[in-house]
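Each remark here refers to the structure printed beneath this line.
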Amino acid sequence: MDLSSINPVLLLASLMVAATPILIAALGELVVERSGVLNLGVEGMMITGAICGFAVAVETGSPFWGFVAAAAGGALLSLLFALLTQFALANQVASGLALTLFGLGLSSLLGQGYVGVKPPHTAKLDIPILGDIPFLGPVVFSHDLMVYFGLALVAAIWAMLKYTRIGLVLRAVGENHDAAHALGYKVVRVRVMAILFGGACAGLGGAYISLIRVPQWTEGMTAGAGWIALALVVFASWKAGRVMLGAYLFGGVTVLQLNLQAAGVSIPVEYLSMSPYLITILVLVIMSADRSRAPASLGRIFHATQ
Amino acid sequence: MTKTLLRISGLTKAYPGVIANSDVSFEITEGEVHALLGENGAGKSTLVKMIYGLVKPDSGTMTLRGAPFAPTEPRAARAAGVAMVFQHFSLFDALNVAENVALGMENPPPMRDLATRIRDVSEAYGLPLDPFRTVGDLSAGERQRVEIIRCLLQDPRLLIMDEPTSVLTPQEVEILFETLRKLTSEGVAILYISHKLEEIRALCDHATILRLGKNVGTCIPRDTSAREMAELMVGSAFEAPARAGRELGDVALDVTGLSLGSPGEFGTSLRNIHFTVKKGEILGIGGVAGNGQDELWGALSGELTTDNEAIRLMGQPIGNLGPTARRDRGLLTAPEERLGHAAAPEMSLTENALLTGAKRENLMNRGFLKWAATEEFAKRIIKTFDVRTPGPGTAARALSGGNLQKFVIGREVLQHPEVLVVNQPTWGVDAAAAASIRQALLDLAANGTAVICISQDLDELMEISDRFCALNEGRLSDIRPAQGLSVDEIGLMMGGAHGMEVAHVEA
């Protein structure tokens, strides 16, 4: 065992990279659930985004268009979920599970020609001055744009929910859809928009894995990240700040345990592998012991009665 | 001051299989309180939803101050000066007062200005409110204030109120009426929906009566007796319940020091409740909704278990027994919510009869069900209580409120309970069905059953109970003989005005 082989700078820097995909996907799901819809298809939308982004980035040679395509692919798949649950009034849990299975299958089909291909490199920001600060520079200021996009999204969603009219209407629809309807708000329209936003975010999170984190395409490469994102939303009590905390905690423990494995710590690998899940859930369960609760209409089917 | 504000002519709305409104016409003048009367299902709700733009009429026209008025959505109705206070509050529990108000406005000012305006308006009309409290923590009366303030901030010309007093104490009702009178003196017209006839007589200038979707007459409530109005609503005369003199027996149910935390997040805890009920006696428990009624019913039915000694049935402690064990011993109950709690909506009446009657009516044989006997039992309930239904195979959901309520009350009455606890036995039930349910409770008591009736309908409690008490914030008031109690005394037992004050009349 040689703990000195773990470099704290690299550890913290890779923590931010490891956390970003679940962070972005979880933020999308947070908005969906705040509107009162439970979309269990995050994993399916992530992997669809991963392959859409990968394929388009390879074909165009531009990671930017790859991410755009990933968001579009995730949103398109979530549109299917929106049609099923908001117009055909299908059960949300079953539809979400179906979406995950469908997305996994669809992505392997789309990805057949892309196994073993290398995607174009995504440039890292090289902020002058800031990037040169010892320690802080490499840890915080020398990542790709998506890491900062994820952080900006946390702030934007927090502010949107707290200070804007749109956020208020979104919360109202998730809290009591009958009352929102009685006041004349378009419950279905709000929810469809939220679902599309959630799909786009999940797609971005997936593409981050296939284009930057790994970067290559293999079947089922999201490996449960979508489920972690879903769990994060619940344990974070539907709060954007806590989602960020949970995602970074999860990313951090994941990176740490990989480093510990590499350093040959005498704990069985299986325990190390499960540690990110256990620790994240434990911390967030303790934190969610306050008064906050789920949106009251979460998962309930809305049907406008006359 | 006698200009016509809203004229409705020939409004018709049909749903598959039912005509909700058929050729309804009437007028509302500025500054008047106009009552809309009718039983459940008479089409009142559909009519006001058309005025508020939630439902589009099939035919017919409306004019507002002479101009054609056909709102396609509530937003359009609000812009034209129509505001509505809903029967089932259209509030969001997890949001605060100011956010709730903002959701009902077209262009809300920034939160800080809005909070100031809420304070100003609420104090001017005697409805004090803190804009930053979470609505889920408010009492029923306070929640209604939120709805009213939300309407008032839009300077409405027409205010629609759907059953506004069902959650208020008599004192709170009086304050609400003061507020409404102040509004009408400013020229606002009020369309007031209620089935509390005495209140309508006290408040309203005109009344339009609907029956089965049709306008069956208008009257001036001050000059019409409550009984005449009720008969117009029902369309025929019906018998008021008759009370027979009866002997009281031994104590059947003894509740001592019952305290219980509420299982719900926004519920009310019960605090040190004492009462006894004798055989042949009806104890009426009043109080505004949300003051512990559901919790008390739960504790008596066994859905919430308590300290074993806190509840004694015929001297035996039963506090930690569940509902089935209590049923075996003769304590039967009927909850408030008939569809989903008292009866399983998708199951037939026969199956529903089995659900509570299995043991006492001997409908099981070593775990196997005796369907023939069960169907007999269901038929007996249907016949004895005049439940209007094609047969015992009908799903509970298909019955009208009044008929289903007669069925679920009848189901318990026919099992010869030692003690029967009912919660809101005639809530949302037409007058004729309500009268027959009350008669059934009186007859049951006359045969020696102890009856506890939890209700928010004070007229009902005064009509049937021997003794009366009220729940207020989870505490039970003194228990007093029902005969001779004045409305003021009852109101004080219910907790008075809960911090409301009369509208300040401006100079």
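The values are calculated or read from the model by the stated rules, or taken from the named source; none is laboratory data. This one's a predicted model, so the numbers in the text were calculated from it and none came from an experiment. Cβ: placed from backbone, ideal geometry, glycine included. Neighbour counts: every protein chain shown. The accessibility values were calculated without ligands, DNA or RNA, using every heavy atom of the protein model including side chains. Shrake-Rupley method; radii C 1.70, N 1.55, O 1.52, S 1.80 Å.
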**Study point:** Charge dipole (debye, nearest 20) of the protein assembly as shown; +1 at Cβ of Lys and Arg, -1 at Cβ of Asp and Glu
**Key:** 1460
Practice item. Give me the number: length gained by fully extending B:GLU473 to B:ALA395, i.e. 0.36 nm times residue separation minus the C-alpha to C-alpha distance, one decimal in nm. Key: 24.3 nm
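Calculate the FRET efficiency for B:THR4 and A:ARG293 from the Cβ-Cβ distance with a Förster distance of 60 Å, rounded to the nearest 0.05.
On the way: r = 49 Å, r/R0 = 0.81.
With a Förster radius of 60 Å, E is 0.80.
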Study note, to complete from the structure: Charge tally for neighbours of B:GLY292 with beta carbon under 9 Å away, counting Lys, Arg as +1 and Asp, Glu as -1, is -1
**Study point:** Dipole magnitude of region B:148-288 about its Cα centre (Cβ charges: Lys, Arg +1; Asp, Glu -1), debye to nearest 20
**Key:** 160
Check your understanding: Which angle between 0 and 90 degrees, to the nearest 10, do you get for helix A:8-34 versus the longest principal axis of chain A when only C-alpha atoms count?
Key -> 10
Practice item. Please work out how much accessible surface B:SER348 shows to a 1.4 Å probe, ignoring ligands, DNA and RNA, in Å² rounded to 10. Key: 20
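Tell me, in nm to one decimal, what length is gained between B:GLN483 and B:ARG112 on full extension, where the rule is 0.36 nm per residue of separation less the Cα-Cα distance?
Details: separation 371, 0.36 × 371 = 133.56 nm, distance 5.13 nm.
Extra length from B:GLN483 to B:ARG112 when fully extended: 128.4 nm.
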Practice item. Please give the per residue accessible area of the protein assembly as shown, computed with a probe of 1.4 Å over protein heavy atoms only, in Å². Key: 42
Practice item. Please figure out what share of the DSSP beta bridges in region B:136-220 is antiparallel and state it in percent, rounded to the nearest 5. Key: 50
Review point. Out of the DSSP beta bridges found with both residues in region B:4-234, what percent are antiparallel (nearest 5)?
Key: 55
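Viscosity 1.567 mPa s, temperature 4 °C: give me the Stokes-Einstein translational D for chain A in µm²/s, with Rh taken as the Kirkwood radius over C-alpha pairs.
65
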Check your understanding: Once you charge only the Cβ atoms, +1 for Lys and Arg and -1 for Asp and Glu, what is the size of the charge dipole of region B:1-104 about its Cα centre, to the nearest 20 debye?
Key -> 240
Point to revise | Proximal charge balance of B:GLU147 [Cβ under 13 Å; K/R count +1, D/E count -1] | key: 0
Review point. Expressed as an acute angle from 0 to 90° and rounded to the nearest 10, what is the orientation of the C-alpha long axis of helix A:240-263 relative to the principal long axis of chain A?
Key: 30
Practice item. Run down the lysines and flag those whose C-alpha is under 23 Å from the C-alpha of A:LYS162, throwing out any fewer than 8 positions away in its chain. Key: A:LYS186, A:LYS239
Point to revise | Mean Cα-pair separation over length for chain B, i.e. relative contact order, pairs under 8 Å, 6 or more apart, % | key: 17
Review point. Relative to the first principal axis of the alpha-carbon coordinates of chain B, what is the inclination of helix B:140-152, with its axis defined by its Cα atoms, in degrees from 0 to 90 and to the nearest 10?
Key: 20
Revision key, fill the gap. If R0 = 51 Å, then B:ALA372 and A:ILE301, at their Cβ-Cβ distance, give a FRET efficiency to the nearest 0.05 of 0.85
Check your understanding: Got the relative contact order for chain A handy, in percent, Cα pairs under 8 Å and 6 or more residues apart?
Key -> 37
Point to revise | Theoretical FRET efficiency, 1/(1+(r/R0)^6), r = Cβ-Cβ of B:GLU186 and B:ARG119, R0 30 Å, to 0.05 | key: 0.90
Point to revise | Å³ per residue enclosed by the Cα convex hull of the protein assembly as shown | key: 216
Review point. What do you get for Rg/Rh of region B:4-234 when both radii come from the Cα atoms and Rh is the Kirkwood radius?
Key: 0.96
Exercise for review: Express the carbon and sulfur contribution to the solvent-accessible surface of the protein assembly as shown as a percent, rounded to the nearest whole number, probe 1.4 angstrom.
Suggested key: 58
Exercise for review: Please report how far the C-alpha centroid of region B:325-379 lies from that of region A:194-242, rounded to the nearest whole angstrom.
Suggested key: 50
Review point. Hey, which lysines would be in cross-link range of B:LYS278, C-alpha to C-alpha under 29 Å, not counting anything within fewer than 8 residues on its own chain?
Key: B:LYS359, B:LYS406
**Study point:** Size of the A/B contact, given as accessible area buried on both chains, probe 1.4 Å, in Å²
**Key:** 1900
